[in-house]
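Trainee: This is the structure, below, for whatever I ask next.
The values are calculated or read from the model by the stated rules, or taken from the named source; none is laboratory data. Quantities reported herein were computed from a predicted structural model and do not represent experimental measurements. Virtual Cβ from ideal backbone geometry, glycine too; neighbours counted across all protein chains shown.
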Amino acid sequence: MGQKVNPIGFRTGVMIGWKSRWYASKQEFAELLVEDHKIRNFIKRRKEKFGKPMYPAVAKVEIERTRDEVKVILYSARPGVLIGRKGERVEELQKELQEKTGRRINIKIEEVNRPEIVAQLVAEDIAEQLSKRSGFRRTMKRAMEQTMEAGAKGIKIQLAGRLGGSEMARREKQISGSIPLSTLRAKIDYGFTEAKIAQGHIGVQVWINQGMYSEEDVDGADAKTSQAPKKPKRTYKR
């Protein structure tokens, strides 16, 4: 059996912060956690009339809660589409989320400057190409070239399912550059999505090495100032 760990979960609380930032009592915690899940699913799975995603290119959704309101931060490569003409789409989303949760919602949109090195967006782009019946090997190769040209240190793509319409499901993976998954200092981004094709679903996993975390990025950097001085190593006589 393989021991596989989600790179985001592995680094959460050590090198990166949480995607949901709030505190709740034991009685409320489970309910609010489910509510966060519903908000994320609603944003990700909302479709237009012709089956296109209503809120495309959303890399991640962060949620902050206060006693009065819920702040939803959307990281998107296409903020203009999310906002809509004169902010119509944001207002519509805000209204629908308020009806769904029964709480006051405040939506903030942040732009993703380099979508080529964001794993979730790369995975969604691959899934979109596969659903348009593009060849899976060509699609993987093109995505890897674009990511490496954008300045990534490494990329790994893995597809699983009935690739090329074959009778038996299998896995195919390609790696370019270095992907040090066990190195906590390495800035490994991970994305997963599913491509819906005529033969069934194809799972798309993407790992991207964005370099190393600097001390300013690390959440535990402030703790370094209060570290005890290192003692000299003890010498043992033979």
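Trainee: Does any residue in the range 126-142 that is among the aromatic types (Phe, Trp, Tyr) come within less than 9 Å, Cβ to Cβ, of a residue that is surrounded by fewer than 17 Cβ atoms within 10 Å (Cβ to Cβ) and at pLDDT 90 or above six or more places away or on a different chain, and which pairs are these?
Mentor: Cβ pairs passing all conditions: PHE136/GLU172.
Trainee: Could you tell me whether any residue of the range 49-60 is of a type outside the set (A, V, I, L, M) and modelled with pLDDT of 90 or more?
Mentor: Within the range 49-60, one or more residues are of a type outside the set (A, V, I, L, M) and modelled with pLDDT of 90 or more.
Trainee: Then there's this: Restricting the search to the range 1-58, which residues are assigned to a loop (DSSP other than H, G, I, E, B) and small (Gly, Ala, Ser)?
Mentor: Scanning the range 1-58 gives GLY2, GLY13, GLY17, ALA24, SER25, GLY51, ALA57.
Trainee: Also: Quick one: count up the residues across the range 48-85 that are within 25 Å of ARG114 (Cα to Cα) and of a type in the set (D, E, K, R).
Mentor: Number satisfying all stated conditions: 7.
Trainee: Which one of the conditions (1) over 20 Å from the mean Cα position of the chain (by Cα); (2) surrounded by 15 or more Cβ atoms within 10 Å (Cβ to Cβ) does PHE50 fail to meet, given that it meets all the rest?
Mentor: Evaluating PHE50 over (1) over 20 Å from the mean Cα position of the chain (by Cα); (2) surrounded by 15 or more Cβ atoms within 10 Å (Cβ to Cβ) leaves (2) as the failure.
Trainee: While we're on this one: Name every residue in the range 72-101 that is out of contact with any helix residue (DSSP H, G or I) (no Cβ under 7 Å at 6 or more places or on another chain), modelled with pLDDT of 90 or more and not in a helix (DSSP H, G or I), in order of residue number.
Mentor: Of everything in the range 72-101, those that are out of contact with any helix residue (DSSP H, G or I) (no Cβ under 7 Å at 6 or more places or on another chain), modelled with pLDDT of 90 or more and not in a helix (DSSP H, G or I) turn out to be ILE73, TYR75.
Trainee: Restricting the range 142-180 to residues that are basic (Lys, Arg) and over 17 Å from ILE117 (Cβ atoms), which is surrounded by the most Cβ atoms within 10 Å (Cβ to Cβ)?
Mentor: Only one residue tops the list, namely ARG162.
Trainee: Would you confirm, using the coordinates I've provided, whether LYS60 is touching a helix residue (DSSP H, G or I) at 6+ places or on another chain (Cβ under 8 Å), among the charged types (D, E, K, R) and under 30 Å from GLY211 (Cα atoms)?
Mentor: When the stated conditions are applied, LYS60 passes them.
Trainee: Also, quick follow-up: Please verify whether the range 121-129 includes one or more residues that are under 19 Å from VAL58 (Cα atoms) and assigned to a strand (DSSP E or B).
Mentor: Scanning the range 121-129, I find no residue that is under 19 Å from VAL58 (Cα atoms) and assigned to a strand (DSSP E or B), so the answer is no.
Trainee: So which residues in the range 113-141 are surrounded by 15 or more Cβ atoms within 10 Å (Cβ to Cβ) and charged (D, E, K, R), if there are any at all?
Mentor: Hits for the range 113-141 are GLU116, GLU124, ASP125, GLU128.
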